[in-house]
1. Could you grab the Rg to Rh ratio for the protein assembly as shown? Cα atoms only, Kirkwood for Rh.
2. In whole Hz, what ³J(HN,Hα) sequence does region B:196-201 give by Karplus (6.51, -1.76, 1.60; θ = phi - 60°), x for Gly and Pro?
3. Just A:Gln268, A:Gln63, A:Gln237 to compare: in a GNM of chain A, with alpha carbon springs under 10 Å, which one fluctuates most?
4. Taking all protein chains in place and a 1.4 Å probe, what share, in percent, of the accessible surface of the protein assembly as shown do carbon and sulfur account for?
5. Using a 1.4 Å probe, what is the accessible area per residue for chain A, in Å²?
6. Return the sequence-ordered ³J(HN,Hα) values of region B:40-53 in whole Hz as given by the Karplus equation 6.51 cos²θ - 1.76 cosθ + 1.60 applied to θ = phi - 60°, using x for Gly and Pro.
7. Report the Cα centroid-to-centroid distance between region A:157-193 and region B:76-142 in angstrom, as an integer.
8. For the pairing of chain B with chain A, what total accessible surface becomes buried, with a 1.4 angstrom probe, in square angstrom to the nearest 100?
Amino acid sequence: MAPFLIQRLIRGILVLLAVSLIVFVLMHLTGDPAALMVPEGATADEVAEVRERMGFDRPILVQYVIFLKRAVTGDFGYSYRIQRPAFDLVVERIPATLRLMAASVGVSLAVALPVGVIAATHRNSLFDRISMVMILFGQSMPTFWFGIMAILIFPVRLGWLPTSGYKGPSYLVLPAITLGLYTSAVIARVLRSSLIEVLSRDYIRTARAKGLAGRQVLLRHAVKNAAIPVITVVGLQIGYLMGGSIITETVFGYPGMGLLAIQAIRGQDIPVLQSFVIFVAAIIVAINFLVDIAYMYLDPRVRYR
Amino acid sequence: MTQSAAGTPSIVTLGQINQRDRPHPAVQTLRSLLRNKPAFASAIVLIVVTLCAVASGVIAPHDPDRQTLALRLVPPAWSDGGSWSHPLGTDALGRDLLSRLIYGARVSLIVGLSAVTIQALIGVSLGLIAGFRGGRLDSIIMAVTDIQYALPVLVVAIAIMAVLGPSMRNVIIVLGITGWVYYARLVRAQVLSLREQDFVEAAQAIGVKPGRIMFRHILPNATTQIIVVGSLQVAAMIISEASLSFLGLGIPPEIPSWGVMVAEGRTYISTGWWVCAFPGAAIFLTAMSVNLLGDWLREELDPSLKASGFADQ
């Protein structure tokens with residue numbers, strides 16, 4: 001148990017190191033990083049001052065170590081659109097983005113679990129075929145377009161639900177559905193195929209043979225085992241949700257980290273963008289760690305590996 | 001089996017049966033495509049999209065960039081105020097939407113196909129090396145795939161595009177270098193199972209060089225799966241490109257592309273829904289056709305999936 005978790009922890013740290021390296025290299029690819037960290041129209045003296053303060057005149061390896069030290073303490077410099085630490089700006093937006101992600105995972109599970117289970121237990125039925133078509137739709141739909149069309153139909157045409165911003169739970173409905181669309185399709189698809197596979201196993205036949213009710217076999221024996229690949233997929237989808245939340249937040253003007261990042265890019269606000277990328281990586285690593293713990297609970301084999 | 005004149009069965013080799021009874025493989029594939037209606041419809045959609053991309057200049061009724069401000073936001077031909085000279089209407093600058101859609105097909109196809117080619121080249125090479133060489137090199141490559149898995153492609157792409165700036169070449173590079181992981185894992189797994197097989201051991205025993213074993217004996221056995229993953233990735237890349245372009249981080253606005261068109265149309269959503277609706281529908285339809293055709297291809301190439309009716313895995 002412990003070795004498994006330690007191994008995952010090391011992997012998580014490696015991921016964060018890799019991301020910090022990417023961010024660091026990107027910063028240097030743009031030319032003079034000091035010039036990027038000062039507001040437009042700064043004097044040469046100001047640039048030189050930043051260069052010295054941030055250590056940009058030192059050897060590149062030393063610079064990376066300095067960068068890492070600063071990153072660990074959350075110091076990415078000041079945003080130069082708003083004169084505040086970039087890190088704080090990102091941190092403020094985290095609850096909003098996590099709320100959106102949680103809502104969309106909720107939507108995905110609420111749709112995908114029943115669809116996956118019914119489709120698998122009634123294979124090749126009309127319901128199964130319709131759900132396969134819906135899954136295909138979900139996987140082929142460009143998120144941003146779906147969001148805009150949802151705005152066109154509901155708030156603009158029908159006058160239901162707000163178009164953008166965030167002032168209460170009703171503002172979360174369309175963004176959560178938009179973001180959860182693809183994930184629902186993926187989860188339903190994996191659950192269906194995994195349940196079909198599990199239902200053909202011998203222990204299911206045994207459970208039925210000893211007279212357990214169909215529902216009991218399904219819930220006690222099949223679904224728990226079929227859940228393992230589903231958990232894996234949910235874990236992998238966290239990355240997608242992070243990327244997708246940038247698009248969804250942009251479409252709906254939802255005040256999360258993604259919208260902040262897009263505004264930062266448009267304003268060439270590199271410190272904010274850096275904090276954002278590092279933060280996203282940290283959140284993904286943390287959530288994946290939780291997924292690994294869920295794994296151990298569901299699959300005893302993992303604990304003794 | 002055929003009967004000879006004397007009534008005794010004559011000996012027919014397998015090769016002869018193949019030649020006599022089975023049509024050419026291409027004909028078989030075509031027949032199977034005709035039987036599968038969704039896949040057939042997808043093939044037609046993709047042929048139309050490809051034609052649009054290849055012959056945009058011939059097919060498009062207007063110059064996609066010509067602005068006629070007097071004809072701003074003309075609705076599609078079938079609605080009030082529309083005209084057949086602009087079948088799908090015009091955008092906010094009075095440019096013909098249908099012509100822009102036709103030219104936009106180029107970007108989607110070029111970026112989708114090039115990005116997948118780059119991904120496959122990187123992924124297959126690294127997968128072959130990891131599986132075949134093993135040891136420390138394998139651990140390093142697998143650690144890199146782990147890292148890449150943990151990072152959302154879109155976040156990495158956004159960070160890189162923000163620095164490189166929007167251009168078609170940059171989009172292709174970014175999507176190409178972020179999506180190779182699937183191929184690497186797949187090929188590595190194939191190599192690991194294939195290199196234990198008798199035919200590979202036999203080749204090693206008679207002194208065939210490792211490079212030749214990789215490319216002549218192992219890679220051909222993994223091509224089927226590489227093609228299937230690649231075909232499904234084309235759809236994902238078309239959507240990714242459109243998403244980046246929508247965010248202003250992909251194709252620059254001077255080039256007509258479906259993602260940029262949706263972004264431009266978004267502002268006029270309440271006065272001109274068509275500007276945004278048609279390019280998005282084009283992305284959706286193209287991606288769905290690629291996915292459907294990819295699923296069909298998977299069933300076609302992997303006969304074990306055929307029995308189940310659906311590609312389940």
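1. 1.00
2. 8, 6, 4, 5, 6, 4
3. Answer for the Gaussian network model of chain A: A:Gln63.
4. 65 percent
5. Per residue, chain A has 48 Å² of solvent-accessible surface.
6. For region B:40-53, the Karplus curve yields 5, 4, 4, 4, 5, 4, 5, 5, 4, 4, 5, 4, 4, 5 Hz.
7. That distance is 25 Å.
8. 4000 Å²
The values are calculated or read from the model by the stated rules, or taken from the named source; none is laboratory data. This is a predicted model, so every value here is computed, not measured. Glycine also receives a Cβ, built like all others from the backbone with ideal geometry; neighbour counts cover every protein chain displayed. Surface accessibility is based on the protein's heavy atoms, side chains included, excluding ligands, DNA and RNA. Shrake-Rupley method; radii C 1.70, N 1.55, O 1.52, S 1.80 Å.
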